[in-house]
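The block underneath contains the structure these notes are about, expressed in structure tokens.
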């Protein structure tokens, strides 16, 4: 009975949710600097517990949250996900170039078929 009651937890679930929402809001300010980003990518992009994703006074609106483990864990996870989703300029150029090439080939094929049909 005691373990299933709300008294067994140190923080209430609603408090955890608000801390997680605060962490998600604060992650919008977070951006890993270029040298750390390069090191993170070379290391395999797999460790969200690394010191790269620690919240600090620059990224947190309420500095008293820096001592809360739920906030820190939520911030690290969200910062890790945000950093993993970052793409380089080369990625966007490659994707854009592939789309342009595909559309050009389809257009050329349509024009060729149209010209072939008009000569019959």
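Bear in mind these aren't lab numbers, they're just calculated from the coordinates by the rules spelled out. Here the structure is a predicted model, which means the values were calculated and not measured. All Cβ positions, glycine included, derive from the backbone under ideal geometry; neighbour counts span all protein chains shown.
Grab every C-alpha pair in the range 11-86, bin the distances at 10 angstrom width from 0 up to the longest one, and report whole percents.
20, 52, 24, 4
Tell me, 72, 106 in order of fewest to most beta-carbon neighbours within 10 Å?
106, 72
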